[in-house]
Amino acid sequence: MFISDQLNSAIIAGVVSLIVSALAYIPAILKLRAEKEALKHTLARNFTGRLYELRLKHYPEAFTITVNLRRKTDWTDEELPAKFREINDALKKWKSGEPSLILSAKSLRAYYELQKAFSGKLALGTKYNNEQIERICRLRNDFLDNLRNDIGLLFEEEEPYDPSSIYRTANLKKSQN
């Protein structure tokens, strides 16, 4: 059984056509995947840009609210609980808006840890003890450090913010004096 020349030509033409189609299909699929990934990256970059804009808009207010939340203030020990409560209320009000949508998971955890410290009982009846004040100040610093890191992600080419470097520099200056 011999296949006629016409049938033989048709089979060869069909196989060649399939091979050419497959060779054209593979780059087309690869190009579509690359375009899809590029679109994903562009959308992610746009959303990230908007997120940073919102963080730059709202985070400074948290710094302003908590500026007096520190060890040494002009307040007496009796005034401290009321002043800290005012700061806590202002921080809760701040977080109840857009910031609740833009806080990173770490910043949110730090915020809740600070809230937990505020809601604890006063150790000395109507006053905080030194341990409670230290804890609140440390948690405030942790919260603000996380906010700084949220914004700092924008500037990846810069060195990451290391809050301990401030203390090392301060201690170095003290030891030189």
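FYI, it's all coordinate maths here, none of it is from the lab. Here the structure is a predicted model, which is why all the values come from computation and not from measurement. All Cβ positions, glycine included, derive from the backbone under ideal geometry; neighbour counts span all protein chains shown.
Step through the table entries LYS40/LYS93; LYS57/LYS92; LYS95/LYS121; LYS95/LYS116, compare each Cα-Cα distance with 25 Å, and write down the pairs that go over it. Numbers along the way, then the final one.
Numbers: LYS40/LYS93 35 Å; LYS57/LYS92 17 Å; LYS95/LYS121 23 Å; LYS95/LYS116 15 Å.
Where the Cα-Cα span goes over 25 Å, the pairs concerned are LYS40/LYS93.
Between ILE11 and SER119, what length in nm is gained on full extension when 0.36 nm per residue of separation is reduced by their alpha carbon distance? Don't skip to the answer; put the middle values down first.
Values: separation 108, 0.36 × 108 = 38.88 nm, distance 8.26 nm.
My answer for the length gained is 30.6 nm.
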Rounded to 0.05, the calculated FRET efficiency for the beta carbons of TYR112 and VAL67 at R₀ = 22 Å is 0.60
What is the sum of charges around ILE65, taking Lys and Arg as +1, Asp and Glu as -1, for the other residues whose C-beta is under 14 Å from the C-beta of ILE65? +4
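Counting other beta carbons within 10 Å of each Cβ, put TYR59, TYR52 in order, fewest first. Show your work: numbers first, answer last.
Working: TYR59 20, TYR52 16.
With the sparsest Cβ surroundings first, the list reads TYR52, TYR59.
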